[in-house]
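Here's the structure, in structure tokens; my notes come after.
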Amino acid sequence: MTHVVVTGAEGFVGRALVQRLLAQGLAGQPLSRLTLLDLGFAGPHADSRVVQLPGSIADAAVRREAYAVPVDAVFHLASIPGGAAEKDYALGRSINLDATLGLLEDLRGQPVPPRFVFASTVAVYGEKLPAVVDEATLPAPGLTYGAHKLAGEYLVADASRLGWVQGCSLRLPGVVARPGEGTGMLSAFMSLLFWRLAAGHPLTVPVSRDGVAWWISVGRCVDNLLHAATVDPARFTARRSYQMPVLRLTVGEVVDALAARFGADRQALVTYAPDPFIERLFANYPPLATPQALELGLQHDGSVDDLVVRALAC
């Protein structure tokens, strides 16, 4: 009997993770209960194993209810994203930092230390990246969001040292292909490329064709989250933090792969209108080396063609 808790369950990655957990279970074991936490839910879930707890993870009562039944694993995906956290420091701190600590501390009374997978972010590296990013690159967050996520990584490692959990943090890049228009998200063009071109609709992207980004599909992202919750904890480094492997591709390479799949006419549907600010933030990524993550069993999508298939399967 396996009980899993997912925070941020109504988000893009959260929904994909929930779907996979219900279909496949965890580590080959079917779920007896899947507790979902988010501010609200679109409606009741059809699966009787699902328990929906609407409310903020900053609320200790919500966390107590989630943990009322012994927990085997927690996937902590909930966060206040970068721009919103920068505008409202108190809100960002309450969710990204304080609630993360609360989720860890509240697990101290569990019969067996549960697995705890924390979704961190590439934002921990900051804006001024070196010529190559590797697993020795020192984080230098340029936003409070990144600083709080980095602090969360240390909290997960310390809670693991104390024996409260068996934890691991994974730094997520931009995950594709998020449905919808991504209103207000500066990186929305990365997902819109897939949906617009698949449907044969035009799109103006705010970066150049040669702009380089780090890409991972939501399917491969979920693969990695689930793997992190099942790998032997003895294999983790002392930091217990890993950069999720990615494909480093130009926007043009992704467009070419979409055109190869859906028709050469898709090339003409893309207008490149580079915005220097967006290009610097989201299309200027250096090579990324992640040998420790790969040795642990984490994976990228393998090829741009496989990225397209997985991204559109969500």
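Got a sec to turn the phi values of the stretch 285-291 into Karplus ³J(HN,Hα) couplings, 6.51 cos²θ - 1.76 cosθ + 1.60 with θ = phi - 60°, whole Hz, x for Gly and Pro?
Once θ is set to phi - 60°, the couplings for the stretch 285-291 become 8, x, x, 10, 10, 10, x Hz.
When 1/r is averaged over all different Cα pairs and the result inverted, which Kirkwood radius in Å belongs to the stretch 44-195?
17.0 Å
Defining a contact as two alpha carbons under 8 Å apart and six or more residues distant in sequence, what relative contact order in percent does the chain show?
The normalised contact order for the chain reaches 17 percent.
Relative to the longest principal axis of the chain, what angle (0 to 90°, nearest 10) does the C-alpha long axis of helix 12-24 take?
60 degrees
Hey, what D do you get for the stretch 106-203 in µm²/s if you plug the Kirkwood alpha-carbon radius into Stokes-Einstein at 4 °C and 1.567 mPa s?
Once the numbers are plugged in, D ends up at 81 µm²/s.
Filter the GluC sites (Glu not before Pro) in the stretch 61-138 to those in DSSP coil with at most 15 other Cβ atoms within 10 Å of their Cβ, and list the result.
For GluC sites (Glu not before Pro) across the stretch 61-138 that sit outside H, G, I, E and B with at most 15 neighbouring Cβ atoms in 10 Å, the list reads GLU127, GLU135.
Between GLN19 and LEU39, what is the label-point separation in nm under the 7 Å Cα-to-beta-carbon projection?
2.3 nm
Would you mind calculating the relative contact order of the stretch 35-144 from Cα pairs under 8 angstrom and at least 6 residues apart, reporting the percent as a whole number?
24 percent
Within the chain, what percent of beta bridges assigned by DSSP are antiparallel, to the nearest 5?
10 percent
How high is the relative contact order of the stretch 191-314? Use alpha-carbon pairs under 8 Å, at least six apart in sequence, and give a whole percent.
Here the relative contact order equals 46 percent.
Using a 10 angstrom cutoff on alpha carbons, build the Gaussian network for the chain and name the most mobile of PHE277, PHE118, PHE236.
For the chain, modelled as a Gaussian network with Cα springs under 10 Å, the answer is PHE277.
What whole-number distance in Å separates the alpha-carbon centres of the stretch 245-300 and the stretch 74-137?
When both Cα centres are located, 25 Å separates them.
How many angstrom lie between the C-alpha centres of the stretch 24-54 and the stretch 164-199?
For the stretch 24-54 versus the stretch 164-199, the Cα centre distance is 22 Å.
Using alpha carbons only, how many degrees (0 to 90, rounded to 10) separate the axis of helix 218-228 from the longest principal axis of the chain?
In the chain, helix 218-228 runs at an angle near 30 degrees to the longest axis.
Computed from the coordinates by the stated procedures, all read-outs in this text should not be read as laboratory data. This structure is a prediction, so every number in the text was calculated from the model and none was measured. Virtual Cβ from ideal backbone geometry, glycine too; neighbours counted across all protein chains shown.
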